[in-house]
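> Supplied in structure tokens, the structure appears directly below.
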Amino acid sequence: MCDETLTLREACAKAGTPYSTVMKWKDSYPEFEQEILNARAAVADGLYQDIRRIEGELEQCRYDAKGELLGGMAPDVARTLINSKQWAITKFGPKDWGERKFIEGNVNGSVKVEHTKKLDISTLTGEQLDVLEEVLKATVLQLGAPKEEGAGG
């Protein structure tokens, strides 16, 4: 997988191993599943290196007076390759390269949520607390209200 940036299915076909067998191994052996994850991360790193190489070729792009490419890679080709590799990176290495945020929990499924910003209401006056309470009630009611279909109701 790593050396040729292959998908797991492609690597199975190249090795002559049925994909279903590899999936059974993955489900049966956690250490094997971890190796697959490591390989996917390595593939994502390889794709990133490909992007850097393409950027280097793009920097070498030169045209003659007629507009003919003399060297390097044409920008439209480079853009297409880079976009494709960027997409693949997010699929092979979502934890490191994806836009999603992951929550890591332990085996029993408990998740600890930590809020980074907390509202300190200890310094608010009674009037300010009343206003805050009304705003919160309105927000809760609005969130629970059925959504209107179409413009204007």
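> Of all accessible surface on the range 1-93 at a 1.4 Å probe, what whole percent is carbon and sulfur? All intermediate terms of the calculation are to be shown ahead of the outcome.
Numbers: 3250 of 6250 Å².
Carbon with sulfur: 52 percent of the solvent-accessible area.
> Shifting gears a bit: Could you rank the peptides 34-40, 132-138 by their average count of other C-beta atoms within 10 Å per residue, with the highest value first?
34-40, 132-138
> Oh, and also: Set the Förster radius R0 to 41 Å, insert the Cβ-Cβ distance between residue 62 and residue 87 as r into 1/(1 + (r/R0)^6), and round the FRET efficiency to 0.05. Numbers along the way, then the final one.
Values: r = 29 Å, r/R0 = 0.70.
Once rounded, the FRET efficiency stands at 0.90.
> Moving on to the next point. Which values of log₁₀ I(q)/I(0), to two decimal places, follow from the Debye formula for the range 1-74 at q = 0.13, 0.22, 0.23 Å⁻¹ with a uniform point scatterer at every Cα?
-0.55, -0.93, -0.98
> In addition: Within the range 31-62, which residues have the backbone N less than 19 Å from the label spot 7 Å out from residue 23 along Cα→beta-carbon, could you tell me?
31-37, 40
> Given the Cα-Cα distance of residue 137 and residue 36 and 0.36 nm per residue of separation, how much length would full extension add, in nm?
That works out to 31.5 nm of additional length.
> Among 68-75, 42-49, what's the highest-first ranking by average C-beta atoms within 10 angstrom per residue?
Top of the packing list down: 42-49, 68-75.
The values are calculated or read from the model by the stated rules, or taken from the named source; none is laboratory data. From a predicted model like this one, the values you see are computed outputs, not experimental measurements. Cβ: placed from backbone, ideal geometry, glycine included. Neighbour counts: every protein chain shown. When the accessible area is computed, the model is the full protein with side chains, heavy atoms only, and any ligands, DNA or RNA have been set aside. Shrake-Rupley method; radii C 1.70, N 1.55, O 1.52, S 1.80 Å.
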